[in-house]
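The values are calculated or read from the model by the stated rules, or taken from the named source; none is laboratory data. Model, not experiment: these values are computed from the prediction. Don't worry about glycine lacking a Cβ; one is built from the backbone with ideal geometry, like all the others, and counts go over all protein chains shown. To get the accessible areas, we keep the full protein, side chains included, count just its heavy atoms, and leave off ligands, DNA and RNA. Shrake-Rupley method; radii C 1.70, N 1.55, O 1.52, S 1.80 Å.
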Amino acid sequence: MTTAENNTAVAPERKKVIFSGIQPTGVMTLGNYLGAIKNWVTLQEEYNCIYSIVNMHAITVRQDPAALRKNTMEAFALLLACGVDPEKCICFIQSHVRTHAELTWVLSCFTQFGELSRMTQFKDKSAKHPDNINVGLFTYPVLMAADILLYQADLVPVGADQKQHLELSRDIAGRFNSLFSNTFKMPDPYIPKLGARIMSLQEPDKKMSKSDENVNAFISILDKPETIVKKFKRAVTDSETEVVFREGKDGINNLMTIYSTITGDSYEKIANDFAGKGYGDFKTAVGEVVAEHLRPVRENFDRYVNDKAYLKECYQKGAERALMISSRTLEKVYKKVGFLPNK
Ligand code: TYM
């Protein structure tokens with residue numbers, strides 16, 4: 001093509017960049033899946049998606065090294081099992097890409113102590129682990145900002161619990177940009193309308209969490225179908241009988257949200273379909289749709305987790321690509337803050 005032709009050609013629109021991460025601590029829950037991973041899979045069809053197993057975040061809480069290695073590999077296999085496709089997006093393990101730690105240091109010098117002190121996750125986790133309130137736990141949101149800003153991400157698909165961290169990432173980016181001219185893209189959260197906050201099955205006013213001591217409170221996405229149905233049958237609801245979405249019915253609202261996210265049925269349709277049937281039937285139905293939906297994930301997982309060579313090939317390729325992209329941002333940042341180049 002000649003230069004003239006080049007000039008008249010319409011520049012292809014830049015595909016939006018998506019970044020998100022998940023910690024490899026224990027097995028993923030239905031909350032992780034419906035709040036985040038399910039959307040990661042959909043988004044990869046349309047956008048430039050970059051997904052990471054954030055093992056560096058995981059060590060803010062004490063980890064057994066062998067278990068962390070195993071969990072990291074399994075979390076990677078589980079992502080693929082859920083449908084994240086390494087041919088369509090970049091998937092990597094955070095500690096394989098050194099730029100994350102490097103940008104974190106610079107950004108931490110542009111983050112205020114007061115800002116980090118206000119993070120609710122820090123307050124919650126320090127209350128939960130009073131014997132290990134480490135500095136990493138405190139600066140965790142800066143590492144998260146680095147993860148996102150390194151890739152100039154437009155959108156960050158997360159559950160509602162990560163909203164505050166994302167707002168901080170935006171504040172840090174805005175501050176840096178105004179001090180040193182435009183450097184970082186301002187990332188927007190992508191929080192699903194449905195499923196952004198899946199609640200515990202035992203205490204439905206609390207978020208479903210994999211660290212819950214009561215295994216009946218959460219569904220692991222690798223739970224056996226019969227276990228899933230059993231856990232739903234035991235789900236805590238209320239003393240009424242009507243399957244309807246209404247304030248104050250946290251347990252039923254949560255079950256209806258789960259059912260609706262998976263089947264696509266509206267709350268009205270669910271209420272109609274289960275009119276006069278009572279909670280027992282509904283709980284079993286939710287258990288069955290979840291178990292059926294997760295069946296292929298579990299089967300794929302068994303296949304991937306036993307193919308270590310393939311997993312390694314995928315994460316090595318992912319890390320290489322992630323390093324290439326993120327190094328461009330890091331270089332820009334180093335230059336802007338005044339670090340003397342070593343070239
Ligand atoms: P993590 O590992 O706790 O959770 C991974 C994703 O799952 C979502 N999630 C939920 N969604 C709905 N209902 C629930 N009960 C539920 N529990 C968890 C989380 O919101 C999250 O989207 N700090 C992050 C990981 C991270 C990250 C990042 C995310 C590190 N760097 C950069 C986005 C961008 C975390 O601990 O997620």
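Checking the a/c ratio against 1.5 first, then a/b against b/c, what shape does the Cα gyration tensor give for region 215-304? Judged from the Cα gyration tensor, region 215-304 comes out prolate (a/c at least 1.5, a/b above b/c). Across the options 73, 220, 275, the greatest Cα extent toward the positive end of the charge dipole of the chain (unit charges at beta carbon of Lys, Arg, Asp, Glu) belongs to 73. Summarising the strand pairing of the chain, around 10 percent of its internal DSSP beta bridges are antiparallel. Positive-end ranking of 293, 256, 23 along the dipole of the chain, with charges on Cβ about the Cα centre, is headed by 23. Computed about the Cα centre, the dipole magnitude for region 24-115 is approximately 280 debye when only Lys and Arg (+1) and Asp and Glu (-1) carry charge, each at its Cβ. Atom-type composition of the exposed protein surface of region 215-304 places 48 percent of the accessible area on carbon and sulfur (1.4 angstrom probe). If you run the Gaussian network model on the chain, springs between alpha carbon atoms under 10 Å, then out of 232, 76, 122 the most flexible one is 122. Assuming charge only on the beta carbon of Lys and Arg (+1) and of Asp and Glu (-1), the dipole of the chain about its Cα centre is about 960 debye to the nearest 20. Over 30 Å apart at the Cα level, from the set 128/317; 206/277; 70/317; 16/335; 206/312; 125/332, are 128/317; 206/312; 125/332.
Taking every Cα-Cα distance in the chain and sorting them into 10 Å bins from zero, the calculated P(r) comes out as 5, 23, 30, 24, 12, 4, 1, 0 percent. Going by the alpha-carbon gyration tensor, a ≥ b ≥ c the square roots of its eigenvalues, is region 57-204 rounded (a/c under 1.5) or, if a/c is not under 1.5, prolate (a/b greater than b/c) versus oblate? Verdict is rounded for region 57-204. Take 127-133, 164-170, 35-41 and order them by the average number of nearby Cβ atoms within 10 Å per residue, most first; the result is 35-41, 164-170, 127-133. Taking 14 Å as the straight-line reach from the Cα of residue 224, the aspartates and glutamates in range (excluding those fewer than 8 positions away in the same chain) are 288, 292, 299, 302. Taking amide H positions as modeled 1.01 Å from N, with prolines and chain starts lacking one, the residues under 5 Å from residue 49 and 5 or more places away or on another chain are 18, 90. Which one of 156, 305, 142 has the biggest mean-square fluctuation once the chain is modelled by GNM with Cα springs under 10 Å? Maximum fluctuation in the GNM of the chain, among the listed residues, is at 305.
All other residues whose Cβ lies under 14 angstrom from that of residue 302 are scored, Lys and Arg at +1 and Asp and Glu at -1, for a net of +1.
Taking a ≥ b ≥ c as the square roots of the eigenvalues of the Cα gyration tensor of region 262-343, is the shape rounded (a/c under 1.5), prolate (a/b larger than b/c) or oblate? Oblate, since a/c reaches 1.5 and b/c is not below a/b. In a reduced charge model with +1 at each Lys and Arg Cβ and -1 at each Asp and Glu Cβ, region 152-240 shows a dipole moment near 180 debye about its Cα centre. Scanning the chain for long hydrophobic helices, with DSSP H runs required to stretch 24 angstrom or more by C-alpha along their axis and to average at least -1.0 on the Kyte-Doolittle scale, returns 65-82, 163-180, 278-305, 308-337.
The residues of region 215-304 expose, per residue, 48 Å² of accessible area to a 1.4 Å probe.
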